[in-house]
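Q: First the structure, which I've put down as structure tokens, then a few questions once you've had a look.
The values are calculated or read from the model by the stated rules, or taken from the named source; none is laboratory data. Predicted model, so just to flag it, every value in this text is computed and none were measured. Here the Cβ is made from the backbone with ideal geometry for all residues, glycine too, and neighbour counts use every protein chain on show.
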Amino acid sequence: MVLLMILSAGCNLNADSQVIPTFDRPIVQFIAPENNTRVVEGFDLTLDLYAQDSIGVARIELRLNGQTFRDLDYPNYQSGQQFRAQTNWIAQGIGFHSFSAIAYRVDGTQSDEVFISIEVVAP
């Protein structure tokens, strides 16, 4: 009985409570292209990314197949709570390619890495 009282006293959550997320790290997402997009080799593909953070996003690191492809910096070496950036890639190499993105604060705090896959097909 005492053990039951101790266990129930330690839980102050009820079944109706909602979890409200806190944004203690930046978040980033691909606006375009959609995951699993198929393009013809040589196509000029626009990558559109959006990052946000309550403290501020300084840059987005864009990777292609695990290697740094581009660093997209916030203008004028500043940071902002919202950051949208675009860059292009000329599709090359038949097969699947993985793009990933990580957003960073000025202090180096980073977001989770997000991924999309692009399939390049022969013309």
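Q: Go through region 70-90 and count every residue that is within 12 Å of Ala58 (Cα to Cα), crowded, with 18+ Cβ neighbours inside 10 Å and at pLDDT 95 or above.
A: Narrowing region 70-90 to residues within 12 Å of Ala58 (Cα to Cα): 71-85.
Adding the requirement that they be crowded, with 18+ Cβ neighbours inside 10 Å leaves 72, 74, 79, 83, 85.
Now restrict to residues that are at pLDDT 95 or above: 72, 83, 85.
Of the residues in region 70-90, 3 are within 12 Å of Ala58 (Cα to Cα), crowded, with 18+ Cβ neighbours inside 10 Å and at pLDDT 95 or above.
Matching residues to (1) modelled with pLDDT under 95; (2) surrounded by fewer than 12 Cβ atoms within 10 Å (Cβ to Cβ):
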position	(1), (2)
Leu7	yes, yes
Val19	yes, yes
Pro26	no, no
Ala32	no, no
Thr37	no, no
Gly42	no, yes
Leu47	no, no
Arg59	no, no
Arg63	no, no
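Q: Then there's this: How do the pairs read when you match residues in region 91-107 that are assigned to a strand (DSSP E or B) and modelled with pLDDT of 95 or more with residues anywhere that are surrounded by 14 or more Cβ atoms within 10 Å (Cβ to Cβ) and of a type in the set (Val, Ile, Thr), using Cβ under 6 Å and keeping only pairs 6 or more apart or on different chains?
A: Close Cβ pairs (under 6 Å, with a partner that is surrounded by 14 or more Cβ atoms within 10 Å (Cβ to Cβ) and of a type in the set (Val, Ile, Thr)) amount to His97/Ile118; Phe99/Ile116; Ala101/Val28; Ala101/Ile60; Ala101/Val114; Ala103/Val28; Ala103/Val57; Ala103/Ile60.
Q: Quick check on region 78-90: of everything there that is touching a residue at least 40 places away in the same chain (Cβ under 8 Å) and of a type outside the set (S, T, N, Q), which residue is nearest to Val28 (Cα to Cα)? Spell out the reasoning first.
A: Taking region 78-90 and keeping what is touching a residue at least 40 places away in the same chain (Cβ under 8 Å), we get 84, 86-90.
In the following step, the residues that additionally are of a type outside the set (S, T, N, Q) were identified as 84, 89-90.
On the way: Arg84: 9, Trp89: 19, Ile90: 23 Å.
Restricting to residues being touching a residue at least 40 places away in the same chain (Cβ under 8 Å) and of a type outside the set (S, T, N, Q), the top hit is Arg84.
Q: Only one of (1) within 22 Å of Asp44 (Cα to Cα); (2) exposed (fewer than 12 other Cβ atoms within 10 Å of the Cβ) is not met by His97, so which one is it?
A: (2)
Q: Just checking, which of Thr46, Thr37 is among the polar types (S, T, N, Q), more than 21 Å from Asp24 (Cα to Cα), in contact with a strand residue (DSSP E or B) (Cβ under 7 Å, 6 or more places away or on another chain) and touching a residue at least 60 places away in the same chain (Cβ under 8 Å)?
A: Thr37
Q: Is it true that Asn88 is polar (S, T, N, Q), more than 15 Å from the chain's Cα centre (by Cα) and in a strand (DSSP E or B)?
A: Numbers: polar (S, T, N, Q): yes; more than 15 Å from the chain's Cα centre (by Cα): yes; in a strand (DSSP E or B): yes.
Yes; evaluated as a whole, the condition is true for this residue.
Q: Across region 64-89, what is the total count of residues that are of a type in the set (Gly, Ala, Ser) and touching a Leu at 6+ places or on another chain (Cβ under 8 Å)? First the steps, then the outcome.
A: Of the residues in region 64-89, the ones of a type in the set (Gly, Ala, Ser) are 66, 79-80, 85.
Still in the list and also touching a Leu at 6+ places or on another chain (Cβ under 8 Å): 85.
Residues in region 64-89 being of a type in the set (Gly, Ala, Ser) and touching a Leu at 6+ places or on another chain (Cβ under 8 Å): 1 in total.
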